[in-house]
Amino acid sequence: MEDAEGLANALDIARSSTRVEALIFGAGDLSVSLQARVDGNFDPLGRYPGDFWHFARTQVLTAARAAGVAAVDAPFPAYGNPDGYRSAATQAALLGFDGKWAIHPSQVPLANDAFTPTSAEAAAAQDIVERYRRAAADGTGAIAHDGRLVDAAHARLAANVLTRARTAASGPVAGVAPDA
């Protein structure tokens, strides 16, 4: 999604063909299309409250999820700023994106770290899924886990974590060269 019209029609684009596999947020060209006042890393030139690109990211992510395709966050041109990339990738992962563009080889391990659940996260998710399934089989609609209520939505969130962990463990994405 790289221009105003594309962002406005993100869901239609995402559903336009069975060949669409992902929506990618392109902050650079979108900056041009929106006539945004940004620097070379697509950050606002002045003080801005909150995440400058939150609406656009959410629009792309929502359309991707509604269409059942992957969502990939924008590139981070400042490849010499690993902390900045790590922060941006972590924010995208927290929001629900599947990945983030890496324009430099040094960004790949940072993206992998940000989008791959830790072993502790995967173990906790596995425990929640197993315990919730047993409880549901017994007719219970919610359980307690670490002092918190766990219901069907929490169990589905935990299943998402397990899916991400399995995907990460399965190796490189099909069609992507290992050294890409």
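The values are calculated or read from the model by the stated rules, or taken from the named source; none is laboratory data. None of these values were measured; they are calculated from a predicted model. FYI the Cβ positions are ideal-geometry reconstructions off the backbone, even for glycines, and counts take in every protein chain you see.
Odds and ends about this structure:
- Residue count for segment 22-59, restricted to those that are in contact (Cβ under 8 Å) with a residue 24 or more places away in the chain and exposed (fewer than 11 other Cβ atoms within 10 Å of the Cβ): 1
- Residues in segment 156-168 that are modelled with pLDDT of 90 or more and in contact with a Phe, Trp or Tyr (Cβ under 9 Å, 6 or more places away or on another chain) were compared, and the one that is surrounded by the fewest Cβ atoms within 10 Å (Cβ to Cβ) is Arg164.
- Strands (runs of 3 or more DSSP E) completely within segment 61-155 that count 1 or more residues being modelled with pLDDT under 95: 143-145, 148-150
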